[in-house]
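Sharing a structure below in structure tokens format, with a few things to ask.
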């Protein structure tokens, strides 16, 4: 069985439909959140690097997506997290995260699977939670 | 042939799931041309508590079956026994057959115990029950029916074992049961505010591993089998579209043992585009690699993993052999793709020492801090046909173990006496002796840490980290000094907090072996967790009294510890150190979706906050309320 690399994530239903129809690319780069409805972490994939867009199930307005990438494709992982200020340090108390699907605070780096796939991980952007 | 399949009362939970084993059996019998009916007394008990025997008698009169089949888990086999007796009371000509986890594991013993029982079936029941019904219908002998046990004049006869079903050819269960099972009644038991509507569906049977404590792997003869992917997806689609179920607990001892199957299954669920999620059993030493992300994209919500022990010696003795590296790596990799890990531990193996158990609780705390949820602690129990159940171990009756699982809140004295009088049959409620401590001490340790890990997890992890291998010994000292904890006080999160926080505070205050900074640290963590629970539960609590600033959806209170750094160290498995005792403030906020966030701060900002500096209050509010 031949294997190809892919990345997975969740996008709003309307965007998924557009991508499926080949009309969803407003820009040359697609930002693919790793969790439904969460903007904390996303993958940034160039349009030209995508071989196929596979659209999966939709739940609560967000559709599961698999992007099958071309053999030499690379992608970037972007982590948005509150910037540590001199004033405040975020407390990563698991009690805040319980409730299924609330693991975004832990997904602030590329997991082993992404590193294994093409080694393209790097932190390319950090946004502060206040201006 | 008309057969009534009966599920005795099973749980105290108001949410009832259809009896999966009986549903699968009914579906099989129906396809074989029989006429099964199903009576779920677990469901009926919710509307008529305490009347299951009367309900059963009425159903027998109404259905007038020729045969009644009874299933049994270990916690309700005494109820099943009463029902078997009641069946013969209604009509002595009714033929009674028993199977399921308990009766199916000990068929000879159950015929010995219950004179009114005519047949028992060992292990997998489909083929044997079908053959028995054919035999009864055609008045042919029962000698050749595989896995069947019955009485002969010379004693109990047990026939040769049945070959296992080929599950790949099994048809979908649920769509064929519409006339005998009202799924709407089950769906209606799901609380209206529940975020999910979950149901068990069978994905397959059998685990190839040989863990000494496990009863289900030998029950299915350790042969990994799965239903066809098309069948499983069809069942999900049917239950989703017809009854609104959106979460499926895939029942299989170890689904991920075949990664190729799981990968193909994920493709099928993804392509089916069903708006559903699912859970499955996994083992920490099965490397999922990129499959984890694929599982998540196909709706995998969480996996259950038995971790059992932190001790490599105990891991070896139980024939499991997990390592810390495998465990941590698996929990981290699942967490990275937002799949939740349920991690289960067992304490009280016969050769396990207090140090082993301390190490296990330490690992449990670390996993919790690393994102595993929930983390469970159970005492070792022996369920036949687990290999451990065949060993001749010193064991004593354990009322607390029975209380944990009994289908009703109070256990009649008569039931306690009956169970206590037959240790061979009810061995699950006789806990084996362990070097780690007495049965009472282990029961208290289980009760304490199961609840701490759920409600006061940082306290649990910090206690385990600070005491290290002395944790169990220190708990025994506290137990002697302060007395036992009562399960009755731990029925709600606030109840756990209000019972266990003072208990731990008193423990820490009186323990001279602790250094002063350790005491300050533990008390500081307790104070933080008490305030957090109060804030999250939106109940009036002591954090209000110490609050220094607040807004409509946030609060600030003082702390004597650096919570953010403590959490990081506990998750990384690093030792806690004196510098973590540092005065500061904690801010908690809740956004419009109810999600809670927390921040700590100290230094110059503290004095400005004490003076209620408008600038700093403004920064605080704008930051934490986002």
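Laboratory data are not the source of any read-out in this text; all were calculated from the coordinates shown. As the structure is a prediction and not an experimental result, all values here were calculated from the model. Counting neighbours? That spans all protein chains shown, and the Cβs are built from the backbone with ideal geometry, glycine included.
Which translational diffusion coefficient, to the nearest whole µm²/s, is obtained for the range B:218-322 from the Stokes-Einstein equation, given a Kirkwood hydrodynamic radius over C-alpha pairs, 10 °C and 1.306 mPa s?
Rounded to a whole number, D works out at 106 µm²/s.
Based on the alpha carbons, how large is the Rg to Rh ratio for the range B:416-503 when Rh follows Kirkwood?
Using Cα coordinates only, the ratio equals 1.03.
Just how far, in whole angstrom, is the range B:97-147 from the range A:43-65 if you go by their alpha carbon centroids?
The range A:43-65 and the range B:97-147 have Cα centres spaced 53 Å from each other.
Moving to a separate point now. Using the Kirkwood radius built from alpha carbon pairs, what does the Stokes-Einstein equation give as D for chain B at 4 °C and 1.567 mPa s, in µm² per second? Show your work: numbers first, answer last.
Numbers: Rh = 26.8 Å.
The Stokes-Einstein estimate is 48 µm²/s.
In percent, how large is the relative contact order of the range B:367-472, given Cα pairs closer than 8 Å and 6 or more residues apart? Each step should come with its number before you reach the end.
Values: 87 pairs, mean separation 38.7, N = 106.
Answer for the range B:367-472 is 36 percent.
Using Cα atoms only, what is the angle between the long axis of helix B:259-272 and the major principal axis of chain B, expressed in degrees (0 to 90) to the nearest 10?
90 degrees
Using only Cα atoms and rounding to the nearest 10 degrees, what angle (0 to 90) does helix B:77-90 make with the longest principal axis of chain B?
The two axes meet at around 30 degrees.
What is the ratio of the Cα radius of gyration of the range B:151-212 to 2.2 N^0.38 Å, where N is its residue count, to two decimals?
1.83
Please give the Cα centre distance for the range B:500-536 versus the range B:438-478, rounded to the nearest Å.
Spelled out, the Cα-based centre of one part sits 13 Å from the other.
When the convex hull of the C-alpha atoms of the range B:54-123 is computed, what volume per residue in Å³ does it have?
Working: hull volume 5.2 nm³, N = 70.
In the range B:54-123, the Cα convex hull volume per residue is 74 Å³.
Tell me the Rg and the Dmax, in Å, that the Cα atoms of the range B:2-158 produce.
Calculated on Cα positions, Rg and Dmax stand at 14.5, 46 Å.
Tally the DSSP beta bridges in the range B:20-156 and give the antiparallel ones as a percent, rounded to 5.
DSSP beta bridges in the range B:20-156 are roughly 40 percent antiparallel.
Further question: Using DSSP, restrict attention to beta bridges with both residues in the protein assembly as shown and report what percent are antiparallel, rounded to the nearest 5.
Counting DSSP beta bridges with both partners in the protein assembly as shown, the antiparallel share is about 55 percent.
Suppose we keep just the DSSP beta bridges with both residues in chain B; what percent of those would be antiparallel, to 5?
For chain B, the DSSP antiparallel bridge percentage is about 40.
Let me ask something else. Find how many whole Å separate the alpha carbon centroid of the range B:381-408 from the alpha carbon centroid of the range B:168-246.
When both Cα centres are located, 27 Å separates them.
Sort the following peptides by mean Cβ neighbour count (other Cβ atoms within 10 Å, averaged over residues), highest first: B:436-449, B:410-423.
Sorting B:436-449, B:410-423 by mean packing, highest first, produces B:436-449, B:410-423.
Can you compute the radius of gyration and Dmax for the protein assembly as shown, using only the Cα atoms, both in Å?
Taking only Cα atoms of the protein assembly as shown, I get Rg and Dmax of 28.0, 93 Å.
Could you rank the peptides B:152-164, B:576-588 by their average count of other C-beta atoms within 10 Å per residue, with the highest value first?
Peptide ranking by packing, descending: B:576-588, B:152-164.
Could you sort B:401-408, B:455-462, B:474-481 so that the peptide with the highest average Cβ count within 10 Å comes first and the rest follow in order?
Ranked from most to least packed, the peptides come out as B:455-462, B:401-408, B:474-481.
Taking beta carbons within 10 Å but only from partner chains, what does the mean come to for residues A:50-61?
4
What average number of partner chain Cβ atoms lie no more than 10 Å from the Cβ of the residues making up B:587-594? Walk me through the intermediate numbers first.
Working: counts 3, 3, 0, 1, 0, 0, 1, 1.
Mean shielding count: 1.
Please give, to one decimal in nm, the separation of the simple spin-label points placed at residue B:510 and residue B:410, each 7 Å out from Cα toward the Cβ.
3.2 nm
Within a 10 angstrom radius of each residue's Cβ in B:335-345, how many Cβ atoms of other chains show up on average? Whole number is fine.
Counting other chains' Cβ atoms within 10 Å and averaging over B:335-345 gives 4.
Viscosity 1.306 mPa s, temperature 10 °C: what is the translational diffusion coefficient of the range B:283-425 from Stokes-Einstein with a Kirkwood Rh over Cα pairs, rounded to a whole number of µm²/s?
The estimated diffusion coefficient comes to 92 µm²/s.
Still on this model: So what's the angle, to the nearest 10 degrees on a 0 to 90 scale, between helix B:126-138 and the longest Cα principal axis of chain B?
Orientation of helix B:126-138: about 30 degrees from the principal axis.
Using only the Cα atoms, work out Rg/Rh for the range B:25-77, with Rh taken as the Kirkwood radius, to two decimals.
Ratio of gyration radius to Kirkwood radius: 1.00.
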